[in-house]
Amino acid sequence: MFAKMDSGKFAGRASLAAMAILFSTPPGIALAADAIAVNSDDFSLPPPEPSRFARFEQKLSDWHVDLGGGAIIVPKYEGSDEFKIMPVPFVTATFRDVVTIDPTGADIAIYKQDRFEFSARLGYEMGRDEDDGDRLRGLGDIGMGATVGAKAAVNFGPAEIFAQVDKTIGGSDGLVGEVGIEVRQPLSQSLMISASASAVFADENHMQACFGVTPEQSARSGLARYDAGAGLKRADFSVSATYLLNQNWMLRGEAGIGVLVGDAADSPIVVEKIQPSGMLLVGYRI
């Protein structure tokens, strides 16, 4: 059987990988996660015979690997009123609960003490294509950039309060921070629900790259010039359900909504301030 908390952690990682693959500028739901674990006490197998490959096999056992895929529906760009449905493949690997590698990058646990955890983050920002929407034509593309950052989290039973910050090198060349809370609650051995709320902040570089219109861009696009300043840009809310089919397979559904605020909401490129999204994933633990 699955441990109750392990199911939520596996589901959180699946969500992180899927959302970050497809959203160009907003960060995905960031959860430090472990894979679903099989309890060895449930089995009474004889010990394996000694092997010359024992050391290699032990090193492999330190890794937890998850595979999965599904589909997601998201706005074509942050502020669009049109949507795209895309397939979402993902692969994640965790080494001794310290290093997690997935399609979004890598999380490295630096410090853990009681309820507190601090980790470093390496990843990327996908950027934006001016062909993603009519209002983006003439604004040019936002290139992909690497991101470096950190996350701090405190756990209070089923709730986790977190704060994270990511700096983009290249791309928008901006700084994005997020503070929020997530609550996970198992309803049975197989079913877990979760809900989260967070606020996303950004510096002037990020806001101007994603929501501003320079004089040159105004001349090419026909949009009015617009200067987007630093501050709160979006509030995010989500609910999800994860169902464990057996010791290896899980099914996860998630619905979310983002609300653009401040200078982001007032940008001439924004057609719709309310940004809904949905996701359905199937995962398998190797």
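The values are calculated or read from the model by the stated rules, or taken from the named source; none is laboratory data. Keep in mind that what you see is a predicted model, and the values were worked out from it rather than measured. Ideal geometry is used to build each Cβ from the backbone, glycine not excepted, and the neighbour counts take in all protein chains shown. The protein model used for the area step is the full one, side chains on, heavy atoms only, and it has no ligands, DNA or RNA in it. Shrake-Rupley method; radii C 1.70, N 1.55, O 1.52, S 1.80 Å.
What does the charge add up to near LYS167, with Lys and Arg as +1, Asp and Glu as -1, over the other residues with Cβ less than 11 Å from its Cβ?
Numbers: positive: ARG121; negative: GLU125, ASP166, ASP173, ASP203.
Once positives and negatives cancel, what remains is -3.
Could you order LEU245, LEU139, LEU223 so the one with the most accessible surface comes first? Probe is 1.4 Å. Numbers along the way, then the final one.
Details: LEU245 95, LEU139 10, LEU223 35 Å².
Listed by decreasing accessible area, they come as LEU245, LEU223, LEU139.
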(message) Beyond a 18 Å Cα-Cα separation, which of these cross-linked pairs lie in this structure: LYS84/LYS233; LYS76/LYS167; LYS76/LYS273?
(response) LYS84/LYS233; LYS76/LYS167
(request) In whole Hz, with x marking every Gly and Pro, tabulate ³J(HN,Hα) for the stretch 120-137 from phi via Karplus 6.51 cos²θ - 1.76 cosθ + 1.60, θ = phi - 60°. (result) 9, 10, 10, x, 7, 10, 6, x, 8, 9, 5, 7, 6, x, 4, 6, 8, 5
(message) So, taking all protein chains as they sit and a 1.4 Å probe, how much accessible area belongs to TYR284, in Å² rounded to tens?
(response) 80
